[in-house]
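Structure first, then comments.
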Amino acid sequence: MIPLRCAHCSAELEGGGGAAAFICRVCGVVFEPERKSLRAVTPFKVAVTTELSIPLEVRYLAVWALAADVAVTEKESRSSSSRTSVWEKIGSVASPSPPRLYVPAFALKRSVVQQLGVALTETQPVLDLEPGLPREGLHGPHRLEVGPDRDLSSSQGEDEPGFGTVSPILLSEADCRTVAHFVYLALENRYTRDLRHIDYNLQLGAGQLLFFPAVFDRRHVRDSNWRFLLREFDGLVA
């Protein structure tokens, strides 16, 4: 196999067999395969804002943040007078900034994508962003060998998430635009008893690749085993 190299500095890119995007440690840029070339994406590191003690092993999870708007159809309006309030509630939480829909890109397990995607979208955290990739910490650079059927997020019988400080990127932006509908419907499911009545038009705008600081602990957020190190998630345990 011929290793992929950065178009800017010619350094070998990291990613692994199942990665949807590849990382240049030298330039701090992410590259996505696009037809016969690689598309450069500038990632952003999210600053730790938690008011709790910060653990030594801080991990950074790849998440796509998508500008989003939801149009309600006539059919949906007739089916329930409260149906229009779901995304409006998210908008009020995000105000004065426009709301964004978050899709985890580091995991393929549905429960993890749902729980963490909905949690971020529902919370609309205030983020302090810095361009570039997080630096590898205690684990050092880690080259992943990910098969197409491997589920990195399950961690059955393990105390480690399966990667070092920086998570892999298993979903491209194009893939995340599809998965965004799954996250949105999971959000709607918290407010709507019968999803068969949902008739929505989800409009997605620009996407941004973010790396969220998090701690891996089985006591956090049900099956996902993750808690974001943001002040908005300080009380989200178990």
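The values are calculated or read from the model by the stated rules, or taken from the named source; none is laboratory data. This is a predicted model, so every value here is computed, not measured. Cβ placement follows ideal geometry from the backbone for every residue including glycine, while neighbour counts extend to all protein chains displayed.
Restricting the search to the stretch 150-206, which residues are of a type outside the set (A, V, I, L, M), modelled with pLDDT of 75 or more, buried (at least 20 other Cβ atoms within 10 Å of the Cβ) and under 13 Å from residue 117 (Cβ atoms)?
Answer for the stretch 150-206, where residues must be of a type outside the set (A, V, I, L, M), modelled with pLDDT of 75 or more, buried (at least 20 other Cβ atoms within 10 Å of the Cβ) and under 13 Å from residue 117 (Cβ atoms): 176, 184.
Taking the stretch 2-19 only, how many residues are under 23 Å from residue 130 (Cβ atoms), free of Cβ contacts under 8 Å to residues at least 60 places away in the same chain and out of contact with any Cys (no Cβ under 6 Å at 6 or more places or on another chain)?
Residues in the stretch 2-19 being under 23 Å from residue 130 (Cβ atoms), free of Cβ contacts under 8 Å to residues at least 60 places away in the same chain and out of contact with any Cys (no Cβ under 6 Å at 6 or more places or on another chain): 1 in total.
Among the residues of the stretch 27-51, count how many are exposed (fewer than 13 other Cβ atoms within 10 Å of the Cβ) and more than 21 Å from residue 105 (Cβ to Cβ).
Going through the stretch 27-51 one residue at a time, the tally reaches 2.
Note down all Cβ pairs under 7 Å where the first residue falls in the stretch 116-131 and is in a helix (DSSP H, G or I) and modelled with pLDDT under 95, the second is exposed (fewer than 14 other Cβ atoms within 10 Å of the Cβ) and small (Gly, Ala, Ser), and they're at least six residues apart or on different chains.
Partner pairs satisfying both residue conditions: none exist.
More than 15 Å from the chain's Cα centre (by Cα), modelled with pLDDT of 85 or more and farther than 14 Å from residue 166 by Cα, is that true of residue 31?
Yes, satisfied.
Can you tell me which residue in the stretch 1-33 is farthest from residue 232 (Cα to Cα), limited to those that are touching a Ser or Thr at 6+ places or on another chain (Cβ under 9 Å) and not hydrophobic (A, V, I, L, M, F, W, C)?
The residue in question is 33.
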